[in-house]
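Here is the structure we will look at.
The values are calculated or read from the model by the stated rules, or taken from the named source; none is laboratory data. On a predicted model such as this, the values are computed, not experimentally measured, just so you know. We place every Cβ from the backbone using ideal geometry, glycine too, and count neighbours over all the protein chains shown. For the accessible areas, the whole protein counts, side chains as well, though only heavy atoms, and no ligand, DNA or RNA atoms are used. Shrake-Rupley method; radii C 1.70, N 1.55, O 1.52, S 1.80 Å.
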Amino acid sequence: MRRKWFFAGIFFTVMLANTVYANNTTTVSYTVNPAYTVLIPVDTEVEFNQLSESFGKIQVEKAQLDEGKCIEVSLSSDGVLKNKNNRSDVIPYQILKTSEATPFVSARYHTAGEATPLTISIKQDDWNKAPSGDYSDTVTFTISYVRSEEHTSELQSLAYLVCRLLLEKK
């Protein structure tokens, strides 16, 4: 019986010693995946004979991006408003960067808050030629997560290509 108590006492002492003197650590880690919110223009009506009409803006509302990455927004359209009753009747138009009055094709964004205001532009001569009717077109915005230009140009540098070739050769 004494033996049992003796071993129980030793076991308890060893457990207490391990508990009191143990040096345990815990690592807490969390991964933040890339995430972003991009706002694009909504449906817009252009008044008759209006040479330029605000089309809203492309805006990065939230952005958590990897280093060397950015958001690219590109726009595609036919560039003509089509008459709903007679598709051969068209009114040519352009979507321009408002600040530069140059056609918008694509833009790259690196941080939240960046924006590109857009304008729809129709020439007076095109308005004058247009038969009456309701016209519309579809504008498609494509949003991509891509390498930033700075990172891309770095990857295309001669030094990078030489290093890459040497590494691939090994």
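Being hydrophobic (A, V, I, L, M, F, W, C) and at pLDDT 95 or above holds for only one residue in Val42, Val80, Val46, and it is Val80.
Applying a threshold of 7 Å to beta carbon distances and a minimum spacing of six or more residues, or different chains, the list of pairs starting in the stretch 28-43 at a residue that is over 16 Å from Ile143 (Cβ atoms) and ending at one that is at pLDDT 90 or above and open to solvent by less than 80 Å² (accessible area, probe 1.4 Å) is empty.
Selection of first residues in the stretch 127-139 that are among the acidic types (Asp, Glu) and of second residues that are open to solvent by less than 60 Å² (accessible area, probe 1.4 Å) and outside any loop (DSSP other than H, G, I, E, B), restricted to Cβ pairs under 6 Å at least 6 apart or on distinct chains, gives the following pairs, ordered by first then second residue: Asp137/Leu81. Here are some residues: Lys57, Lys62. Which one is under 30 Å from Ala130 (Cβ atoms) and part of a strand (DSSP E or B)? Result of the check over Lys57, Lys62: Lys57. Selection within the stretch 50-75: residues that are open to solvent by less than 60 Å² (accessible area, probe 1.4 Å) and over 30 Å from Thr31 (Cα atoms). The member of this set that is nearest to the chain's Cα centre (by Cα) is Leu75. Filtering Ile143, Ile122 for residues that are touching a residue at least 60 places away in the same chain (Cβ under 8 Å), in contact with a Leu (Cβ under 7 Å, 6 or more places away or on another chain) and either on the phi > 0 side of the Ramachandran plot or not small (Gly, Ala, Ser) (or both) leaves a single hit, Ile122.
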